[in-house]
1. Can you tell me which residue in region 97-140 is farthest from T155 (Cα to Cα), limited to those that are of a type in the set (S, T, N, Q) and surrounded by fewer than 21 Cβ atoms within 10 Å (Cβ to Cβ)?
2. Name the residues in region 81-96 that are buried (at least 19 other Cβ atoms within 10 Å of the Cβ) and among the aliphatic types (A, V, I, L, M), would you?
3. On the basis of being closer than 23 Å to G41 by Cβ and surrounded by 15 or more Cβ atoms within 10 Å (Cβ to Cβ), does N158 make the cut?
4. Consider only pairs whose beta carbons are under 9 Å apart and that are at least six residues apart or on different chains; among these, list those whose first residue lies in region 129-151 and is farther than 21 Å from E162 by Cα and whose second residue is among the hydroxyl-bearing types (S, T, Y).
5. Take R67 and tell me if it is farther than 27 Å from I161 by Cβ, assigned to a helix (DSSP H, G or I), at pLDDT 95 or above and not small (G, A, S).
6. I need a count of the residues in region 109-152 that are under 23 Å from D7 (Cα atoms) and among the basic types (K, R).
7. Name the pairs: first residue in region 164-180 and basic (K, R), second residue loosely packed, with under 14 Cβ neighbours inside 10 Å and part of a loop (DSSP other than H, G, I, E, B), Cβ to Cβ under 8 Å, at least 6 apart or on different chains?
8. Of all residues in region 1-55, count the ones that are among the basic types (K, R), more than 27 Å from P104 (Cβ to Cβ) and at pLDDT below 75.
Amino acid sequence: MSPDQIDIGAVFARKYEADDEDWGRSSGPGSDAFYNIPYRGFLEAFIRLNGIGSIVDIGCGDWQFSRYVNFRGARYLGLDVVESVVARNKRLFSSANVDFAVAPPGLEALPAADLLIMKDVLQHLPSPLIMRYRDEVFPRFRYALITNSYRKLDTPSNVDIEVGGFRCLDLTQAPFSIRAPYVLQFGVHIAEELRTLLIHNPAAAPQAPAAP
């Protein structure tokens with residue numbers, strides 16, 4: 001792993017280990033199965049209607065809600081920077097079509113697929129790294145569903161942060177300026193609104209995930 005990757009993994013490992021109101025030894029409240037019922041329903045319909053055969057999920061977390069998603073036989077690869085989370089997921093949830101791996105050290109090594117999922121990930125990453133995902137990663141996938149906190153009480157939007165921090169994101173606005181539509185809006189609780197951005201690259205060829 002590169003030093004940057006080790007730092008990111010260490011930051012998020014500490015969040016999983018913290019026994020406090022931040023994440024509380026889990027992927028956090030944003031991964032709660034109840035709050036994600038609208039997202040789950042949308043994701044299942046999207047997979048079905050668009051003939052998705054392969055999925056890469058960057059920042060898959062501890063699969064609190066994902067365990068209930070019907071991936072309809074698509075090959076799924078969940079990537080995370082926290083090794084203990086990946087090991088637990090492999091033990092509990094791996095199957096013929098579902099696998100997990102530690103995220104590779106460089107963005108260029110990320111495997112391709114029909115669909116990229118990133119939920120509640122970019123909101124914790126610095127703006128320059130988000131722009132690298134925009135320029136280097138998103139174009140490699142036929143579809144990308146990017147979900148983040150869009151509006152939250154007393155929380156700034158689109159400001160820069162350190163790795164592991166938090167702010168709301170509107171990826172269609174500066175400094176990110178991604179030209180893509182929002183296709184889903186839902187609430188985690190009364191004070192927070194999440195939105196899912198759909199990025200479509202018709203020229204990207206259908207693919208199966210590469211081996212991790």
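The values are calculated or read from the model by the stated rules, or taken from the named source; none is laboratory data. Note that the structure is predicted; figures quoted are calculated from it, not measured. FYI the Cβ positions are ideal-geometry reconstructions off the backbone, even for glycines, and counts take in every protein chain you see.
1. Here is the first cut: in region 97-140, the ones of a type in the set (S, T, N, Q) are 97, 123, 127.
Keeping just the survivors that are surrounded by fewer than 21 Cβ atoms within 10 Å (Cβ to Cβ) gives 97, 127.
Details: N97: 39, S127: 16 Å.
Selected residue: N97.
2. Filtering region 81-96 for residues buried (at least 19 other Cβ atoms within 10 Å of the Cβ) gives 81-82, 85-86, 89.
Within region 81-96, V81, V82, V85, V86 meet the criteria.
3. Numbers: closer than 23 Å to G41 by Cβ: no; surrounded by 15 or more Cβ atoms within 10 Å (Cβ to Cβ): yes.
No; evaluated as a whole, the condition is false for this residue.
4. Short answer, once both residue conditions are applied: L145/T196.
5. Values: farther than 27 Å from I161 by Cβ: yes; assigned to a helix (DSSP H, G or I): yes; at pLDDT 95 or above: yes; not small (G, A, S): yes.
Criteria met by R67.
6. Looking only at that region, the number is 3.
7. So the pair list comes out as R167/P156; R167/V159.
8. 0
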